[in-house]
1. Please indicate, with yes or no, whether at least one residue in segment 169-180 is part of a helix (DSSP H, G or I), modelled with pLDDT under 95 and of a type in the set (A, V, I, L, M).
2. Return the total of residues in segment 26-56 being polar (S, T, N, Q) and in contact (Cβ under 8 Å) with a residue 24 or more places away in the chain.
3. Among the listed residues Leu138, Leu121, Leu89, Leu76, identify the single one that is within 17 Å of Asp30 (Cα to Cα) and touching a helix residue (DSSP H, G or I) at 6+ places or on another chain (Cβ under 8 Å).
4. So is Val142 of a type in the set (Val, Ile, Thr), at pLDDT below 95, surrounded by 15 or more Cβ atoms within 10 Å (Cβ to Cβ) and within 11 Å of the ligand (Cβ to nearest atom) or not?
5. Just give me the residues in segment 131-168 being in contact with a Gly (Cβ under 6 Å, 6 or more places away or on another chain) and assigned to a loop (DSSP other than H, G, I, E, B), in sequence order.
6. Which of the residues that make up segment 147-167 are surrounded by fewer than 16 Cβ atoms within 10 Å (Cβ to Cβ), under 22 Å from Ala44 (Cβ atoms) and within 13 Å of the ligand (Cβ to nearest atom)?
7. Output the number of residues of segment 72-110 satisfying the condition of being touching a strand residue (DSSP E or B) at 6+ places or on another chain (Cβ under 9 Å), over 14 Å from Leu121 (Cβ atoms) and small (Gly, Ala, Ser).
8. Within segment 117-132, can you find the residues that are hydrophobic (A, V, I, L, M, F, W, C) and under 13 Å from the mean Cα position of the chain (by Cα)?
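The values are calculated or read from the model by the stated rules, or taken from the named source; none is laboratory data. Keep in mind that this is a model prediction, so the values were computed, not measured. Positions of Cβ are generated from backbone atoms using ideal geometry, with glycine treated the same way; all protein chains shown enter the neighbour counts.
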Amino acid sequence: MTTQASSTGGWPATIELAGGPVTLRPLTADDKTALLEFFRRVPAPERLYLKEDVTSTQVIDRWVRELDYTRVLPLLAWDGDRIIGDGTLHRSRAEARRHIGELRIVIDPDHRNRGVGRTLLHALVDVACAGDSQLEKLVFEVVADTERAATHTAEAIGFVKVATFSAHIRYFEGEPHDLHVYELQVGEPIVLDDPAAHMY
Ligand SMILES: CC(C)(COP(=O)(O)OP(=O)(O)OC[C@H]1O[C@@H](n2cnc3c(N)ncnc32)[C@H](O)[C@@H]1OP(=O)(O)O)[C@@H](O)C(=O)NCCC(=O)NCCS
């Protein structure tokens with residue numbers, strides 16, 4: 001397991017928020033049960049939007065087995081021994097997309113609107129801004145109509161809407177929703193030394 005996050009993030013970090021202290025630190029192999037319990041508290045329609053079945057023991061087992069913070073950094077928010085938020089920074093293995101990071105975030109419904117989401121998003125942006133991250137921009141996808149809090153939180157941090165994919169997401173009821181793509185510039189453009197060497 002690589003540990004880039006701990007060297008850049010200074011985890012664990014405890015922040016005083018409305019309702020008490022919240023501790024941020026990356027996922028470790030010991031967190032499987034707490035993570036599964038957390039995802040099972042997230043309403044089903046919100047889980048559907050996530051890219052994997054996060055209530056599956058097999059999926060969480062695989063995440064923990066394949067932990068590589070330089071590829072996916074899962075940053076957890078803790079209230080005592082309970083996980084109340086999960087934010088992830090994803091990097092592509094493809095050379096052509098190495099400069100782009102993707103952020104995803106979900107907060108326990110019982111702990112929303114106390115600043116956990118914004119704090120987690122900020123912490124992930126800080127990791128992406130670190131000099132050694134090699135990231136130029138971050139992408140954050142928001143489902144139109146259903147994720148107004150996410151839109152608000154992303155815009156508060158400085159993300160700007162750059163694209164909308166029409167009728168891109170279908171929830172249980174089958175109604176299509178547009179998908180908004182937000183971006184945040186976090187670093188200088190990286191010039192490839194020999195473009196031909198990076199063709200795919
Ligand atoms: C989006 C989400 C992560 C925000 O988490 P959170 O911990 O509640 O976030 P915060 O408390 O830091 O901030 C929420 C902000 O949204 C605002 N908000 C809440 N509901 C809102 C709504 N329906 N419309 C507009 N703004 C809203 C709050 O007032 C707050 O703004 P403020 O800080 O200016 O007061 C959380 O709602 C969530 O997990 N949603 C489901 C998953 C999701 O949509 N993920 C994003 C795509 S990956």
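1. no
2. Selection size over segment 26-56: 1.
3. Leu76
4. Spelling it out, Val142 is indeed of a type in the set (Val, Ile, Thr), at pLDDT below 95, surrounded by 15 or more Cβ atoms within 10 Å (Cβ to Cβ) and within 11 Å of the ligand (Cβ to nearest atom).
5. Leu135, Glu136
6. Arg148, Ala149
7. The total comes to 2.
8. Leu120, Leu121, Ala123, Leu124, Val125, Val127, Ala128, listed by residue number.
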